[in-house]
Amino acid sequence: GGQAAAAAAGGAGDADVSEACTSEFDEAECEIDSALLKAKAVKNPVLEWLRFTVLIFLAEWGDRSMFVTVTLAAARSPVGTFLGGCVGHFCAALLAVISGGILEKYVSEQLVQIVAGSLFCVFGVTTLAGVY
């Protein structure tokens, strides 16, 4: 873990790298740690913003909330619907980001993935079964 990451990052000499990466498993771990360190080192705010913008757009496209927004815009004020949707989505995203920042201190990423995946499956099954 830590030694492999330090060795892969170039923080140690070649002898340390060979000691930290003695087995095939250790070599794979060193490569992964190295790639993660390089990815964390390159922080272009514009690329990060663009990446998350596209991710959120694709996640929301075709969602129920989108269809509700289309219906509201057709039946009511499109400007009011747009502004309300922006403010509502901003508040929800802000709450999610703050909660995620707090949760990362107490809950492992693997547990979050397991719970999120399980809930996704449960919601999918209940939607298919017509249970809301």
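So what's the gap between the Cα centers of segment 59-89 and segment 109-132, to the nearest angstrom? Cα centroid of segment 59-89 versus Cα centroid of segment 109-132: 25 Å apart. The calculated FRET efficiency for the pair residue 127 and residue 95, based on their C-beta separation and a Förster distance of 22 Å, comes to about 0.40.
When a/c is below 1.5 the answer is rounded, else prolate if a/b is larger than b/c, else oblate, so apply that to segment 78-131 with a ≥ b ≥ c taken from the square roots of the Cα gyration tensor eigenvalues. Because a/c hits 1.5 or more and a/b fails to exceed b/c, segment 78-131 counts as oblate. Solvent-accessible surface of segment 78-131, taken per residue with a 1.4 Å probe and all protein chains present: 82 Å².
Using a Förster distance of 22 Å, how high is the FRET efficiency between residue 87 and residue 48, based on the Cβ-Cβ distance and rounded to 0.05? Step by step, r from the Cβ atoms, then E = 0.40.
The values are calculated or read from the model by the stated rules, or taken from the named source; none is laboratory data. Just so you know, these numbers come straight off a predicted model, no measurement behind them. In this analysis, Cβ positions are derived from the backbone assuming ideal geometry, glycine residues included, and neighbour counts consider all displayed protein chains. For accessibility, only protein heavy atoms count, side chains too; no ligands or nucleic acids. Shrake-Rupley method; radii C 1.70, N 1.55, O 1.52, S 1.80 Å.
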